[in-house]
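S.K.: Starting off with a structure, shown below.
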Amino acid sequence: MRVVVLTGAGISAESGVPTFRDADGLWEGHRVEDVATPEAYDHAPITVHRFYDARRAALAGVEPNPAHHALARLEQGLGDDLLVVTQNIDDLHERAGSSRVLHMHGQLLSALCRACGGRMRWDGDLVDLPPCPGCGVSELRPDVVWFGEIPYEMDRISDRLAEADLFVSIGTSGAVYPAAGFVQAAASYGARTLELNLQPSEGTDWFHESRHGPAGVLVPAWVDEVLG
Ligand code: BV8
Ligand code: ZN
């Protein structure tokens, strides 16, 4: 069975990573357009760097939860028939043991050089504008996809959605596109669609089945069903 799993901030909530839309959500402190757009970066790079440096540093204080571990276990069972597409820029899927993971909105632990296009693992700050290890120019930005930018690996994602037997969405509000449109795409190709979320998402009507509750409970139970 070929499975595509889409995850959002809700799968990392029980690990202590703030979500975007919850009361004390990430954006609360900042207006989205002030920190997650190319215009914001051109206008106030220090503010944007501080925002991402803080999230990068916070990764050391959180751990994968049972939902992340259950998906790693599912990968053991399904191998290449499973692809996890995440909107999250944290590294909790990988730390739980998942390797077949696609970060469509980028990663905190990666820096992108605007001068030479180089990408490199980065776990420190960028606010002090360090020189690029590749070309020496101080043009390193967070390797994340901002609003108005094209998400990563859209071709691979579209191919896998087209051949999926099952599409599962975990911990996402369905507010941000193109990720929010994946359920319709998968359903139009004949896939069965399942939502695992604390509450109904904006796209909940597109799912054949919806289960509502914490991912740390719903995902291990669903994986047990699949692996039988
Ligand atoms: C693009 C990286 C062109 C940075 C992010 C169509 C219609 C309208 C608008 C658009 C449209 N198409 C494009 C747009 C514009 C825009 C957009 O969607 N705007 C929205 C606001 C209307 N999209 C873009 O700009 C995208 N680019 O479209 O380029 C293109 C398109 C296709 C092909 C080629 C080119 C780029 C968007 C990416 C922006 N970057 N992140 C960073 O992280 O700082 S988006 C960011 O916000 C996240 O990555 C994620 O995608 C989104 C947040 O959503 P969630 O992860 O779902 O989190 P949220 O807090 O909202 O919800 C949490 C959910 O979990 C809730 O439902 C809650 O109930 C649940 N939950 C909570 N706790 C638990 C739980 N569930 C289970 N267990 C729990 N314990
Ligand atoms: Zn460079």
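S.K.: Suppose we filter E163, E153 for residues that are on the phi > 0 side of the Ramachandran plot and surrounded by fewer than 21 Cβ atoms within 10 Å (Cβ to Cβ); which single one remains? Before the answer, list the steps.
M.R.: On the way: E163 fails: on the phi > 0 side of the Ramachandran plot.
From the options E163, E153, the qualifying one is E153.
S.K.: Give the residues of region 96-109 that are part of a strand (DSSP E or B), under 22 Å from L140 (Cβ atoms) and open to solvent by 20 Å² or more (accessible area, probe 1.4 Å), sorted by residue number. Steps first, please.
M.R.: Step one: of region 96-109, the residues part of a strand (DSSP E or B) are 101-103, 106-109.
The next check asks that each one be under 22 Å from L140 (Cβ atoms); those that pass are 103, 106-109.
Passing the criteria: Q107, L109.
S.K.: Could you run through region 65-88 and say how many residues are open to solvent by 20 Å² or more (accessible area, probe 1.4 Å) and touching a residue at least 24 places away in the same chain (Cβ under 8 Å)?
M.R.: Within region 65-88, residues that are open to solvent by 20 Å² or more (accessible area, probe 1.4 Å) and touching a residue at least 24 places away in the same chain (Cβ under 8 Å) number 7.
S.K.: So which residues in region 113-141 are within 24 Å of L83 (Cβ to Cβ) and either open to solvent by less than 30 Å² (accessible area, probe 1.4 Å) or within 11 Å of ligand 2 (Cβ to nearest atom) (or both)?
M.R.: Within region 113-141, just R119 meets the criteria.
S.K.: Report, by residue number, each residue of region 120-140 that is within 29 Å of Q76 (Cα to Cα) and either modelled with pLDDT under 95 or within 16 Å of ligand 1 (Cβ to nearest atom) (or both). Let's see the steps before the verdict.
M.R.: Just the residues of region 120-140 that are within 29 Å of Q76 (Cα to Cα), to begin with: 120-123.
W122 - this is the single residue of region 120-140 that is within 29 Å of Q76 (Cα to Cα) and either modelled with pLDDT under 95 or within 16 Å of ligand 1 (Cβ to nearest atom) (or both).
S.K.: Can you find a residue in region 111-124 that is in contact with a Phe, Trp or Tyr (Cβ under 9 Å, 6 or more places away or on another chain) and in a loop (DSSP other than H, G, I, E, B)?
M.R.: No, every residue in region 111-124 fails to be in contact with a Phe, Trp or Tyr (Cβ under 9 Å, 6 or more places away or on another chain) and in a loop (DSSP other than H, G, I, E, B).
Okay, residues lined up against (1) touching a Lys or Arg at 6+ places or on another chain (Cβ under 9 Å); (2) open to solvent by 20 Å² or more (accessible area, probe 1.4 Å):
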position	(1), (2)
S188	no, yes
A191	yes, no
E195	yes, no
L198	no, yes
E202	no, yes
L218	yes, yes
E225	no, yes
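S.K.: Please list, ordered by first then second residue, the pairs with beta carbon atoms under 9 Å, 6 or more apart or interchain, first in region 136-148 and farther than 12 Å from A111 by Cα and of a type outside the set (G, A, S), second away from ligand 2 (no atom under 14 Å from the Cβ) and open to solvent by 20 Å² or more (accessible area, probe 1.4 Å).
M.R.: Pairs that qualify, where the first residue is farther than 12 Å from A111 by Cα and of a type outside the set (G, A, S) and the partner is away from ligand 2 (no atom under 14 Å from the Cβ) and open to solvent by 20 Å² or more (accessible area, probe 1.4 Å), are W146/P38; W146/E39; W146/H105; F147/V32; F147/E33; F147/P38; F147/V176.
The values are calculated or read from the model by the stated rules, or taken from the named source; none is laboratory data. As the structure is a prediction and not an experimental result, all values here were calculated from the model. Backbone-built Cβ (ideal geometry, glycine too); neighbour counts: all protein chains shown. Accessible surface areas use protein heavy atoms only, side chains included; no ligands, DNA or RNA. Shrake-Rupley method; radii C 1.70, N 1.55, O 1.52, S 1.80 Å.
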